[in-house]
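Asks: Structure provided below as C-alpha cells; questions to follow.
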Amino acid sequence: MSNLIAIAYDDVGRARHVLDVVHELAVEHAITLEDAVIVERRPDGKIKLHQTAKPGAIGAAGGAMWGGLIGLLFLAPLVGMAVGAAAGGAAGAMTDLGVDDRFLRRLGEELAPGAAAAILLVRDATPDKVLPRVSPYGGRIIHTSLSDEAEAHLQEALTAHAR
C-alpha cells in the first residue's frame, strides 16, 4: 500500500530541491515513488502543478518499442515504430497516473501565495535513510495517509532540523 505525503514549503525553490533529494534517494533505492509532484501557488493566486512523470513520453517510448516489434513481423519496423509511438504518446498524454490533479489543486488552494508543496506518493521507504536527508529543509505537513504516530514522527523530524 502506498502513502501520500504532502509537505509545504515557503517557496517553490525549496520544494524543488527537496524533490531532487528524494529522486537521489530513489536512485539509491532508499525510497520507491509512484508519483511526485510540486504544487505551487503563485503570487497571483494561480495554482501550477509541476509533474515529474511525463506519461506522453513514456507512452511514446513504449509504443515505439511494441510498434517496432510488430512491424518486424510485417517487414515494416520503421512504420510500426512511428505508428506505435504516435498511439502510445496519445494514450500516455490522456492518462493521469498517480495523485489526482483535482486533489492537488485543492491542496494548492491551502498554500499561501508564493508557497509550494512537495507531494509524494511513496510505495516503500527506509525512514532511517530518508529522514536525515530530507529533514534539514524543514517544511510543514499539510496532508498524509500515514498513521498518526508516523505523521507526528515525520513532522517532529522536519521541525527539529529545519535550516
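Asks: What residue, among those in segment 10-53 that are within 19 Å of E109 (Cα to Cα) and acidic (D, E), is surrounded by the most Cβ atoms within 10 Å (Cβ to Cβ)?
Replies: Of everything passing the filter in segment 10-53, E40 is surrounded by the most Cβ atoms within 10 Å (Cβ to Cβ).
Asks: Something else about it: Looking at A152, A112, A157, which is the one that is within 27 Å of H29 (Cβ to Cβ), more than 19 Å from the chain's Cα centre (by Cα) and surrounded by fewer than 14 Cβ atoms within 10 Å (Cβ to Cβ)?
Replies: Checking each option against the conditions leaves just A152.
Asks: Which condition breaks for K48 when tested against (1) within 11 Å of the chain's Cα centre (by Cα); (2) within 16 Å of G114 (Cβ to Cβ)?
Replies: (1)
Asks: Among (1) within 11 Å of the chain's Cα centre (by Cα); (2) under 19 Å from L154 (Cα atoms); (3) surrounded by 16 or more Cβ atoms within 10 Å (Cβ to Cβ), where does I7 come up short?
Replies: (1)
Asks: Output the number of the condition that M81 fails; it satisfies all remaining conditions of (1) at negative phi; (2) under 21 Å from the mean Cα position of the chain (by Cα); (3) at pLDDT below 90.
Replies: The failed condition is (2).
The values are calculated or read from the model by the stated rules, or taken from the named source; none is laboratory data. None of the values given here were measured: they were computed from a predicted structure. Backbone-built Cβ (ideal geometry, glycine too); neighbour counts: all protein chains shown.
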